[in-house]
Amino acid sequence: MPARDGVTFAVATYGTGEILEDNFLASPCLQGSNSHEILIQKDYESAAKAYNNAIERSHNDLMVFAQQDMVFPEPWLSQLDQAIDYLDSADPGWGPLGCYGRARDGVGRGYLYSPGRGLIGSPFEAPAPIQTLDEIVLIFRKSSGLRFDDSLPHFHLYGTDICLSAEKMGMKSYAIPAFCIHNAHQYVVLPREFYASCAHIKRVWKDYLPIETTCLRITRSNIPMYRRRLREAYLEHIRHKGFIAPRAKDVPELLHQAAIAVMALEQ
């Protein structure tokens, strides 16, 4: 069955509802079809708890967990179908999929657009194995038995957690060639909650260290974290903004900007 004929999208929301309305719910790939189940998970204390509840509620096996500031262009579901077709042949027991991740050697794989950074990554043809996935988009089958760690606090690193859970169960995680848009500014200074989640990951997955996340390399020595926090302290000192909330842009404008960036890259 094609993904577009049976997929549940789950979004754990926080802050105002405008970001959700102006981004995810405005995604072109979701328009004009009643075949997608959309679960909006509100008022949860953590993404893990929100998404575990969504798994129980889902009527479909294939699930997409997306942040509320994601925009999915019209071809996204067909690109997801192609990636699943490839993996069903190459690795039928595939685990979590996503649109951006990092391999153990620190190399990032994925291809997306963010107005704060422009194009991230570059086009690639087949799903690429990675160690962990960014939380912007996570995809897996309900029937896989994968579940998020309910004890993981806040809304950070649950992509890292689910990929390590899959690895423990003998599954591989992949970044897939499915172009999307993350309509958010980047963090100059990571919030305190991120480091609390980081400490949890280090404690729970100590046997898997070092762990390459898309924000930080988690090690036994904590040296990469100390370096980042020193850099953040300097940025705070010179009065840069710390946590910058996502600023929703008009979806047609975003799609236009992304198309121009893609064409420039391909020339």
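A few points about this structure:
- Sorted fewest first by neighbouring Cβ atoms within 10 angstrom, Ser78, Ser35, Ser27, Ser173 come out as Ser35, Ser78, Ser27, Ser173.
- Taking the helices alone, the chain has a mean residue ellipticity at 222 nm of -10000 deg cm²/dmol, built from -39,500 (n - 2.57) per DSSP H run of at least 4 residues and averaged over all its residues.
- Estimated dipole of segment 3-266 in Debye, rounded to 20 [Cβ of Lys and Arg +1, of Asp and Glu -1, Cα centre]: 1300
- Checked against a 26 Å cut-off, the cross-linked pairs Lys42/Lys172; Lys49/Lys206; Lys202/Lys249; Lys172/Lys249 give Cα-Cα distances beyond that limit for Lys42/Lys172; Lys202/Lys249; Lys172/Lys249.
- Extension reserve of the Arg220-Tyr195 stretch, reckoned as 0.36 nm per residue once the Cα distance is removed: 7.6 nm
- Residues Cys180, Cys215, Cys198 arranged by fewest to most Cβ contacts within 10 Å: Cys215, Cys198, Cys180
- Label of the coordinate-derived value, Rg/Rh (Cα atoms, Kirkwood Rh), listed as (1) 0.94; (2) 0.96; (3) 1.00: (1)
- Here Ser33 and Val262 are evaluated by their C-beta separation; at R0 = 22 Å the FRET efficiency comes out at 0.35.
Values quoted throughout were computed directly from the atomic coordinates according to the rules given, and no laboratory measurement underlies them. Since we're looking at a predicted model, the values are computed, not measured. Because the Cβ atoms are built from the backbone with ideal geometry, glycine has one as well, and the counts that use them run over all protein chains shown.
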